Amino acid sequence: MKKHLFFWLGVAACLFLFFSCASVKKESKLDPVSEDFVSRVRYIITKEESKIFRELPPSARPRFIEEFWERRDPIPDTEANEYREAYFERIEEANRLFRGAQPGWLQDRGRIYILFGPPDERQTNPMGGRPIDPYASPTESLQGQRVATGEKPTEVWVYYNLFSSLQRPHAVRLVFVDSQGTGNYTLTTDLDEIIPGGLHTSFEPDLVFTHELYKEEAKKGALRSKRALFDFSWELLKVKNKEAGSNLSVLISLPYKKIIFVDDQGVLRAKLDLHLEVRGPSGNVVWQHDTGSQLEFKQAQLERGKEGVWEITVPVLTWLEKGRYSLYIRLENRDGGQLIEKLLDVKM
């Protein structure tokens, strides 16, 4: 009996959690210009950056785009952004070099060309046939193995110096196959197996590849990619409190490691100002809230609690009927000069 009782209590708890959150839907919409930006930078934007961008209000997106390219500028002191120029030049080159059912830059060959650059060696087998192994000894290769055998069109790309700025030169061999006969060659090589030293797990892979555009900047680029962006996580909780006239609460979590603290005579400080608004379908503000929090730590305290999190739960003190709303959140660190905005579509 006790086992059955515990079982049904567990089911009831799960159902309670499900129904307390399931009716609150979170949606993300982008305007055509923003969609085009995300599409164009698909190979170099990180998951964190994509999440932040999609949650921004439209007015804040142009500034994000500027900062996106600034973070990747190898020589910030010059007017030109060599990284951005090279990236878009490679997109144009990929469209010119690789024809098929899709634009060249959207094909696997185009993606690799943009991220890795032109290969040191490119072997094409348009009529089908076994790709030639560039490492095999000519005396051990039979001519019969090099002629067409009825296989699918194949290309082999060889890079001799990838990651040379990060470690010893490492040759990379990539095989592409046109399995459908459309001109779209698919990469059949597993990148996780050929990337040396576990770089694909210690860095953002695409950023490492594109930093090879400027090898002398690779180490600086890796540090920039690790720099924490100012962002918080959030959760909408359907918590009914009839006495307070509330049926929704907002939970916000901000890791300490994302906060810039200012040293004030040995005390590390950060003043966080939080502003929330719930807007109706016509954009009218139906509820708003402002609160401030002062964080203070000694250096040793912050070091010990560097994995800590600043959290706040704010009840929306107005009853939200069924319908669509938008939630605007603005969090500013006045001491550290940090600011993040989010505009979320909510369906109650």
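Odds and ends about this structure:
- Residue list for the stretch 259-276, restricted to those being within 20 Å of Thr291 (Cα to Cα) and surrounded by 18 or more Cβ atoms within 10 Å (Cβ to Cβ): Ile259, Phe261, Ala270, Leu272, Leu274, Leu276
- Only one of Lys3, Lys29 that is part of a loop (DSSP other than H, G, I, E, B) and either closer than 30 Å to Ser326 by Cα or modelled with pLDDT under 80 (or both): Lys29
- Odd one out for Ser253 among (1) touching a Leu at 6+ places or on another chain (Cβ under 8 Å); (2) closer than 13 Å to Leu331 by Cβ: (1)
Conditions tested, residue by residue: (1) part of a strand (DSSP E or B); (2) of a type outside the set (Phe, Trp, Tyr).
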| residue | (1), (2) |
| --- | --- |
| Leu268 | yes, yes |
| Val278 | yes, yes |
| Pro281 | no, yes |
| Gln288 | yes, yes |
| Phe297 | yes, no |
| Trp310 | yes, no |
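- Cβ separations smaller than 8 Å between residues 6+ apart or across chains give the following pairs from the stretch 257-277 residues that are closer than 18 Å to Leu339 by Cβ and in the same structural domain as Thr313 (by TED's automatic domain parsing) to residues that are among the aliphatic types (A, V, I, L, M) and in a helix (DSSP H, G or I): Phe261/Leu302.
- Looking only at the stretch 40-75, residues that are of a type in the set (D, E, K, R) and free of Cβ contacts under 8 Å to residues at least 40 places away in the same chain come to 9 in all.
The values are calculated or read from the model by the stated rules, or taken from the named source; none is laboratory data. Just so it is clear, the structure is predicted and the values come from calculations on it, not from any experiment. Positions of Cβ are backbone-derived with ideal geometry, glycine not excepted, and every protein chain shown enters the neighbour counts.
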